[in-house]
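The values are calculated or read from the model by the stated rules, or taken from the named source; none is laboratory data. Small disclaimer: the values here were computed from a predicted structure and weren't measured. Don't worry about glycine lacking a Cβ; one is built from the backbone with ideal geometry, like all the others, and counts go over all protein chains shown.
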Amino acid sequence: MPIASPRSSFLVTALALCAPGLAAAATPAMPGTQTDVSFGAGNWRSLTADQPDSVRWGYTGLEFDLAVGVRHRFDSGLTLAADASAAPSFILGRSTLSAGEWEEPRYAPSDRAFFGGLALRVGWHSDYAGIEAGGAAVTFPTAAPLIGFDDARRTLLPSGRAWAGKADLAYAFGQVVAGPLSSVNEGLLLVGVGHASEWVHVDAGAWSGVGNLRFAVQTQPGVRIGADTTVAWGDEEAERMDWRGLLVISIEHARVGEGLY
C-alpha cells in the first residue's frame, strides 16, 4: 500500500478515523469456518512524504502477493475474522519528483522492499446484513498513505467490513483496510455491489480513482476458485496505473464433500 495522492489520502484518513465500522464488503459470512488463500502479483508507485524545501522521491515496484483470510460465523451470528498479507517487492525505478534540500533515498533500483499486514475483526452477520470492526497492524514499503502518518512505515489502522441486502440476489457493501492487502494502497477503501449464490460469487467496488472486481465459481461443494483484480488510475503526479491481480481459493469447510455420502 504505499502510494497515496493527497486526495485519496484525505478520503481514506477521514473514513478510517471517523467510521472504522462503517466499511464493508466481500462476500457475506456463511455459517461455519471459511478460509481464503490468495496469491498473485502487482505493480505500484510510492511517494515519500512531501516536506517543504526537500527532495521528494518516487519509487515503482513489482510485488508478489500472498494472503490468507479466516472467518468463522457462529450459529448466533457472532463472527470472528483474521487477514494476514505479505508482499515482498523489487524496486523497478526511482525518480526525483521535486528539488530541494537533499534527503537520502530509501531505495535504489533493484533493491527489495516489503509490505505486511495483519487485521483482526469481530462482528455479527445475519441473512440480510453484517458488520465487522477491528484493527490492523501494517508495515508499508515507504511512508504510510495517511495524512498525519506521513513518516510512519509501521502503524495501526482501523479495519472494517459491512454489507446489506439479499446475498443470492444483490447486496451493497463497503470495506476499509480489509484483506487481501498489498502495496497497491488505493484498495484500502472500497464500496460497491455484489451477488453471492451457491454457484457464483461476484462483487465490484470502487473509490476515488480505483476499481476492484472479484469473482469466484464453485468447482465442488464448499470450494470456489476465482480472481481478485484492482486497478488504480494515474493522478496529477503520475500517469502510470497501479494494478494487482490475485488468484483466490475459498473453502467453506462445513460444505466440503457435501452430497458425496
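At-a-glance table
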item	result
Segment 79-102, residues that are acidic (D, E) and modelled with pLDDT of 85 or more	D83
Sole residue being under 20 Å from Q34 (Cβ atoms), touching a Ser or Thr at 6+ places or on another chain (Cβ under 9 Å) and outside any strand (DSSP E or B), chosen from L66, L118, L181	L181
Total residues in segment 126-150, condition of a type outside the set (S, T, N, Q), under 15 Å from S46 (Cα atoms) and either touching a strand residue (DSSP E or B) at 6+ places or on another chain (Cβ under 8 Å) or at pLDDT 65 or above (or both)	6
Tally of residues being out of contact with any Lys or Arg (no Cβ under 6 Å at 6 or more places or on another chain), more than 19 Å from I131 (Cβ to Cβ) and aliphatic (A, V, I, L, M) across segment 188-223	8
Members of segment 112-138 that are buried (at least 16 other Cβ atoms within 10 Å of the Cβ) and under 17 Å from Y59 (Cβ atoms)	A113, F115
Filter result for S89 (surrounded by 13 or more Cβ atoms within 10 Å (Cβ to Cβ), touching a residue at least 40 places away in the same chain (Cβ under 8 Å) and closer than 12 Å to G58 by Cα)	no
Residues satisfying the stated conditions in segment 32-56, i.e. farther than 30 Å from H125 by Cα and either of a type in the set (K, R) or crowded, with 20+ Cβ neighbours inside 10 Å (or both)	G42, W44, R45, S46, L47, T48, R56
Pick from segment 232-261, criterion modelled with pLDDT of 90 or more and among the β-branched types (V, I, T), ranking: nearest to D65 (Cα to Cα)	V248
